[in-house]
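Enquirer: First, the structure itself, so that you have it in front of you.
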Amino acid sequence: HLSIRRQRQMCIRDRLHICHLTTAGAVEVVRWAKKRGVRITAEVTPHHLLLTEELVRSYDPVYKVNPPLRKTEDTLALRAAVLDGTIDVIGTDHAPHSNEKKQCEWQNAAFGMVGLEHAASVLQEILIEEGGRDWGQFASLMSTKPAEIGGLAHFGSLAVGSRANITLLDPSAKRAILSQTHSKSSNNPFAGITLPG
C-alpha cells in the first residue's frame, strides 16, 4: 500500500501510458492529468474511433472485442481527443483469430479483431478527411510519438542516419474493405466500409 504522497511523487516523476482509451470519461481524465503536468500519454484503437456498440446488437462475433465498442458519444469524444492532441498514439490492438474462434455463438467467440491493415486508413478518415488536420499530426500519431514513448530514438523519423523504416500511402485512393484481406484472419470489423488511403 503506497501512501497518497508517494503515489503523487511517482506520478510526477514517472510516466504513465494508457492503452485502449474507449470512453468520454477516460478522455477527460487524461485531459485533466495533462493540464496538471502529469507525464501521461494515451492510445486509441482504429475500431474505437470508427465503430460503435450499435454493431454489437447484431451479435456478430466479429464485433466482440475487449474493451467493448462504445456509444456514439464516446466515439465522438475519442475523435475530438485525437484532433486536439489529447490522444498521442493510434494502437491497432490487432488480434487475428481463426474462423473457428470467431464464427460461432457470441458467448463462445474469442475477443478481438484485426486492426493493423486499416489503421492508417481509419486515421486518414478521422484526422485528414473529416478533421482537416495535417499529415504531420498523422505521422506523429502513427510513428513519431509511438517511437518516442517506446524509447526507440532511431525510429519514427526520416533523417540522415536514421533507419528507413517507412510505409508508403496513396492518400487519393479509396477502397471498399473486403472481409478477407492480407491478414490470414477474416475477423475484419471494417468489411463493407469504404476508407481512404
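The values are calculated or read from the model by the stated rules, or taken from the named source; none is laboratory data. Values in this document were obtained by computation on a predicted structure and should not be read as measured data. In this analysis, Cβ positions are derived from the backbone assuming ideal geometry, glycine residues included, and neighbour counts consider all displayed protein chains. Surface areas here come from the heavy atoms of the whole protein model, side chains and all, with no ligands, DNA or RNA. Shrake-Rupley method; radii C 1.70, N 1.55, O 1.52, S 1.80 Å.
Enquirer: Take residue 166 and decide whether it is of a type in the set (A, V, I, L, M) and either at pLDDT 95 or above or touching a His at 6+ places or on another chain (Cβ under 6 Å) (or both).
Expert: Details: of a type in the set (A, V, I, L, M): yes; either at pLDDT 95 or above or touching a His at 6+ places or on another chain (Cβ under 6 Å) (or both): no.
No, not satisfied.
Enquirer: Still on this structure: Yes or no: residue 190 more than 19 Å from residue 88 (Cα to Cα), at pLDDT below 95, in a loop (DSSP other than H, G, I, E, B) and of a type in the set (Phe, Trp, Tyr)?
Expert: Numbers: more than 19 Å from residue 88 (Cα to Cα): yes; at pLDDT below 95: yes; in a loop (DSSP other than H, G, I, E, B): yes; of a type in the set (Phe, Trp, Tyr): yes.
So residue 190 fits the description; yes.
Enquirer: Shifting gears a bit: Right, residue 191: open to solvent by less than 50 Å² (accessible area, probe 1.4 Å) and under 22 Å from residue 96 (Cα atoms) or not?
Expert: Details: open to solvent by less than 50 Å² (accessible area, probe 1.4 Å): yes; under 22 Å from residue 96 (Cα atoms): yes.
In short, yes.
Enquirer: If I ask for residues that are in a helix (DSSP H, G or I) and at pLDDT 95 or above, which ones from the range 9-27 would you list?
Expert: Filtering the range 9-27 for residues in a helix (DSSP H, G or I) gives 9-13, 24-27.
24, 25, 26, 27 - these are the residues of the range 9-27 that are in a helix (DSSP H, G or I) and at pLDDT 95 or above.
Enquirer: Here's a follow-up. For the structure I just gave you, tell me whether residue 149 is within 17 Å of the chain's Cα centre (by Cα) and within 20 Å of residue 93 (Cα to Cα). Let's see the steps before the verdict.
Expert: Details: within 17 Å of the chain's Cα centre (by Cα): yes; within 20 Å of residue 93 (Cα to Cα): yes.
Answer is yes for this residue.
Per-residue answers, yes or no, for (1) among the small types (Gly, Ala, Ser); (2) free of Cβ contacts under 8 Å to residues at least 40 places away in the same chain; (3) closer than 20 Å to residue 137 by Cβ:
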residue: 40; (1), (2), (3): no, yes, yes
residue: 50; (1), (2), (3): no, no, yes
residue: 53; (1), (2), (3): no, yes, no
residue: 58; (1), (2), (3): yes, yes, no
residue: 66; (1), (2), (3): no, no, no
residue: 74; (1), (2), (3): no, no, no
residue: 81; (1), (2), (3): yes, no, yes
